[in-house]
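The structure under discussion appears below in the form of structure tokens.
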Amino acid sequence: MSRIPVHVAFIMDGNGRWAQARGLPRHEGHRRGATVVKKILRIAEKKGIKYATFFAFSSENFSRPESEVNFLMNLFEKFLKKYGKTLCEKEIRFRAIGNLWQLPFNLQFAIENLTQNTARFDRFHLTMALNYGARSEVIQAIGNLLKNKDVDVGNLTWEDFEQYLYTKDLPDPDLIIRTSGEQRLSNFLLLQSAYAELYFTKTHWPDFNEEEFLLAIEDYGTRERRMGKINDKTND
Ligand code: IPE
Ligand code: IPE
Ligand code: MG
């Protein structure tokens, strides 16, 4: 059996292009994209993955037209409210990462509720990145770190520093999948992805499916993750 990643993170890109190619408004792509999250979660669980993280809205996405931003915020709220019961039944722990306090109050409330209601679970971990930006995460981490007078800045280790990141309770992603052909991270988990394997597919997120996901997992299984070391089998 091939190696299975513990933590897979998704950059769900291409909703707008998927819709436009069909003569539909962009929001139809977002709506369809939300249903894909549920399907992918089921497959992730089935394959033995423990953590799935979805980049749903970047800090920079607030620069989109107000109507699109409002649509997305409502979609996230509805998604969390509707899906909350299933998450509890399936014992899935929910977390959100990002500048959550800048989100609409109703959405913050839904996030807080679901985070609390699922806090006792450990079987599978679902994380949504909402108003997330890696640079902003780092700036805030440094600010909070400097407020802590007990920190010995001169002897700081990565393990100390990562306690100040939104992802402090999550392992680093092993595999990052980006749909829709763009080969960039767009300010997503920049530090946590230091040794992540990257997988890009041209498929737009609303068309991403089991077959595509299994291909990505299979591809991950063939990668040699050296983490700076040399292959054990190398003998000079
Ligand atoms: C990803 O799809 C969803 C969000 C960023 C919210 P896009 O909306 O970026 O779709 P494209 O890239 O414009 O096709
Ligand atoms: C990245 O997609 C953010 C999400 C998937 C939520 P974007 O569509 O915002 O990224 P760029 O603008 O193409 O880099
Ligand atoms: Mg995009």
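Points to keep in mind about this one:
- Cross-link partners of residue 39 among lysines (Cα-Cα below 26 Å; sequence separation of 8 or more within a chain): 47, 50, 78, 81, 82, 85, 90, 202
- The GNM of the chain, with springs linking C-alpha atoms under 10 angstrom apart, assigns the highest mean-square fluctuation among 154, 98, 48 to 154.
- 26 Å tail of the calculated P(r), the stretch 1-135, as % of Cα pairs: 22
- Taking each residue as 0.36 nm, the span from residue 226 to residue 123 lengthens on full extension beyond its C-alpha to C-alpha distance by 34.2 nm.
- Taking the Kirkwood radius as Rh and the Cα radius of gyration as Rg, the chain has a ratio of Rg/Rh equal to 0.98.
- The residues of the chain expose, per residue, 54 Å² of accessible area to a 1.4 Å probe.
- Converting phi to 3J(HN,Hα) with the Karplus coefficients 6.51, -1.76 and 1.60 and the offset θ = phi - 60°, the stretch 188-203 yields 9, 6, 4, 7, 5, 8, 3, 10, 6, 7, 9, 9, 10, 10, 6, 4 Hz in sequence order, with x at every glycine or proline.
- Take the Cα of residue 17, go 7 Å toward its beta carbon, and the backbone nitrogen atoms of the stretch 187-201 under 18 Å from that spot belong to 187-188, 199-201.
- Span-like helix criteria (full DSSP H runs; alpha carbon extent of at least 24 Å along the helix axis; mean Kyte-Doolittle hydropathy of at least 1.0) are satisfied in the chain by no helix.
- Heavy atoms of residue 158 accessible to a 1.4 Å probe, total area in Å² rounded to 10: 90
- Protein-only accessible surface order, largest first, of 223, 3, 135 at 1.4 Å: 135, 3, 223
- Residue with peak Gaussian network fluctuation, the chain [Cα springs, cutoff 10 Å], from 13, 122, 152: 152
- Close amide H partners of residue 97, meaning residues 5 or more places away or on another chain with modelled amide H under 5 Å apart, are 128, 129, 130.
- Accessible area per residue was computed with a 1.4 Å probe on protein heavy atoms; residue 128 scores about 10 Å².
- For the residues 57, 71, 208, a GNM of the chain with alpha-carbon springs under 10 Å puts the largest fluctuation on 71.
- Within the accessible surface of the chain, defined with a 1.4 Å probe on protein heavy atoms only, the carbon and sulfur portion equals 51 percent.
- Between the alpha-carbon centres of the stretch 133-162 and the stretch 1-42 there is a gap of 33 Å.
- For residue 12, the residues whose modelled amide H falls within less than 5 Å of its own, excluding neighbours fewer than 5 places apart on the same chain, are 55.
- Label-to-label distance, nm, for residues given as residue 135 and residue 74 (7 Å Cα→Cβ offset): 3.2
The values are calculated or read from the model by the stated rules, or taken from the named source; none is laboratory data. The shown structure was predicted, so the numbers you read here are calculated from the model rather than taken from an experiment. Note that we place each Cβ from the backbone using ideal geometry, even for glycine, and neighbour counts take in every protein chain shown. These area figures cover heavy atoms from the full protein model, side chains too; ligands, DNA and RNA do not enter into them. Shrake-Rupley method; radii C 1.70, N 1.55, O 1.52, S 1.80 Å.
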